[in-house]
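First up is the structure itself, then whatever we jot down about it.
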Amino acid sequence: MDKINRRDMLSLLGVALAGAAFMAGPGSLFAAEAQKRPFALAQLPFSWIPKNLDQKDIGTTAYKGYDYKGYGCSFGVFYGIIGLMGEIYGKPYSDFPFTMMEVGKGGISNQGTICGALLGGASALSLFWGRKERDPMTEQLFRWYETQTLPIYKPEGKSIYFEGDLPGTQSDSVLCHISVGKWTYASGFSEKSEQRSERCARITADVALKTWEIIQAKMDGTSVNWFEKSASRKLCGECHDTGKESPILKGKMECSPCHSGAVGTQNKFKDHPSPN
Ligand code: HEC
Ligand code: HEC
């Protein structure tokens, strides 16, 4: 790839495919390239370098990004950081096909799995850092999300869906389903309410700002005290972590929403709602 750029290579490939007669000449180049396959396109991993941004800009862009064409939380967080870099600094940031981040909406295409805002944040980190560096950064973001009362963000000026204060809840979970479910149950607002949309738009700003804080600490070389393992992770891990007596545990999520025997997770297929 030194003497010949990718576009040349693609046109050569086109010519090569067009006629077998050509294969003897450019075909040898093609063969050299083919030897790198598969993964010829994965040779520059995690190579982008983060550039400075204004925090206020990030909050506003992420908040509005949640609503923009309905692209949602994952897009909002990602665009609030990487999209802004693209708008201010151009390439390579501007090359990203941003609309693909819509996939995270509603916990990945409305499946209610991982909170899309967190997917957006972790994806932004992974443009810059591979797993060795990204994993502890992601962990810091996720543990923060589990333990905060959210939303925190207050839009400046007019709100998008709903003016005024909203109740906050601590999700104890990185999952969209649990995070939204606890909030709708506690607040009494339905999942399709304007208040719920406003809540998620504000959380989009919260997650973008936290992700940015983590990125900035990394850029400044001040990232220490990455995260505190949750109490349940410490307790359950004593027996279920690798090398312990029952090493069958995958994951680092807070365990309590699903394994505490809470009212909400007891058997709802029987006598539910309660007959009296
Ligand atoms: C003192 C050790 C110990 C601790 C602490 C511990 N476990 Fe276990 N756990 C076990 C053992 C042993 C088994 C049986 C595993 C097997 O059969 O391989 C088990 C099994 C399980 C199972 C499988 C189903 C069942 O009920 O048997 C679940 C789920 C589980 N543990 C969850 C947890 C969670 C959540 C925590 C933290 C609140 C936790 N465990 C803490 C030792 C422990
Ligand atoms: C989002 C809900 C959820 C969270 C969070 C969660 N678990 Fe589980 N876990 C489950 C479910 C569901 C199963 C499958 C239980 C079954 O077998 O019926 C399971 C299974 C397990 C098992 C045993 C394997 C099995 O299939 O029985 C262990 C051990 C376990 N979990 C421990 C933990 C620990 C420790 C944590 C926290 C680090 C945790 N889990 C977090 C829902 C959860």
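Is it true that some residue in region 182-189 is of a type in the set (S, T, N, Q) and either more than 16 Å from ligand 1 (Cβ to nearest atom) or touching a His at 6+ places or on another chain (Cβ under 7 Å) (or both)?
Going residue by residue through region 182-189, those that are of a type in the set (S, T, N, Q) are 184, 187.
Those left that are additionally either more than 16 Å from ligand 1 (Cβ to nearest atom) or touching a His at 6+ places or on another chain (Cβ under 7 Å) (or both): 184, 187.
Scanning region 182-189, I find at least one residue that is of a type in the set (S, T, N, Q) and either more than 16 Å from ligand 1 (Cβ to nearest atom) or touching a His at 6+ places or on another chain (Cβ under 7 Å) (or both), so the answer is yes.
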>> For residue 237, only one of the following conditions fails: (1) more than 8 Å from ligand 2 (Cβ to nearest atom); (2) surrounded by 13 or more Cβ atoms within 10 Å (Cβ to Cβ); (3) assigned to a helix (DSSP H, G or I). What is its number?
In response: (1)
>> As an exercise: evaluate residue 248 against (1) within 16 Å of ligand 1 (Cβ to nearest atom); (2) part of a helix (DSSP H, G or I) and give the number of the one condition it does not meet.
In response: (2)
>> Of the residues 184, 242, only one is β-branched (Val, Ile, Thr) and not assigned by TED's automatic domain parsing to the domain that holds residue 139; which?
In response: 242
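In region 220-234, how many are closer than 14 Å to residue 144 by Cβ and either more than 10 Å from ligand 2 (Cβ to nearest atom) or among the aromatic types (Phe, Trp, Tyr) (or both)? Quick ask: steps written out before the conclusion?
First, the residues of region 220-234 that are closer than 14 Å to residue 144 by Cβ: 223, 225-230.
Retained after the next criterion (residues that are either more than 10 Å from ligand 2 (Cβ to nearest atom) or among the aromatic types (Phe, Trp, Tyr) (or both)): 223, 225-228.
Of the residues in that region, 5 qualify.
Out of region 251-264, which residues are among the small types (Gly, Ala, Ser) and either near ligand 2 (Cβ under 6 Å from one of its atoms) or outside any helix (DSSP H, G or I) (or both)?
Step one: of region 251-264, the residues among the small types (Gly, Ala, Ser) are 251, 256, 260-262, 264.
Residues satisfying the conditions are 251, 260, 261, 262.
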> Within region 185-195, is even one residue without any contact (Cβ under 8 Å) to a residue 60 or more places away in the chain, assigned to a loop (DSSP other than H, G, I, E, B) and basic (Lys, Arg)?
Replying inline: yes
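Let me confirm something: among 186, 217, 208, which residue is small (Gly, Ala, Ser), surrounded by 15 or more Cβ atoms within 10 Å (Cβ to Cβ), more than 11 Å from ligand 2 (Cβ to nearest atom) and under 21 Å from residue 116 (Cβ atoms)? Can you show your working first?
Details: 186 fails: surrounded by 15 or more Cβ atoms within 10 Å (Cβ to Cβ); 217 fails: under 21 Å from residue 116 (Cβ atoms).
The unique qualifying residue is 208.
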>> On the basis of being of a type outside the set (Asp, Glu), part of a loop (DSSP other than H, G, I, E, B) and at positive phi, does residue 109 make the cut?
In response: yes
>> Take the conditions out of contact with any helix residue (DSSP H, G or I) (no Cβ under 8 Å at 6 or more places or on another chain) and at pLDDT 75 or above and apply them to residue 7. Does it pass?
In response: no
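If only one of 67, 54, 95 is within 20 Å of residue 207 (Cα to Cα) and without any contact (Cβ under 8 Å) to a residue 60 or more places away in the chain, which one is it?
Working: 67 fails: without any contact (Cβ under 8 Å) to a residue 60 or more places away in the chain; 95 fails: within 20 Å of residue 207 (Cα to Cα).
Going through 67, 54, 95 in turn, just one is within 20 Å of residue 207 (Cα to Cα) and without any contact (Cβ under 8 Å) to a residue 60 or more places away in the chain: 54.
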> What are the residue pairs meeting all of these: first residue in region 120-141, first residue farther than 22 Å from residue 65 by Cβ, second residue of a type in the set (Lys, Arg) and part of a helix (DSSP H, G or I), Cβ atoms under 9 Å, and 6 or more apart or on different chains?
Replying inline: 129/218; 133/218; 140/210
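The values are calculated or read from the model by the stated rules, or taken from the named source; none is laboratory data. The shown structure was predicted, so the numbers you read here are calculated from the model rather than taken from an experiment. Heads up, the Cβs are rebuilt from the backbone with ideal geometry, glycines too, and the neighbour counts pull from every protein chain shown.
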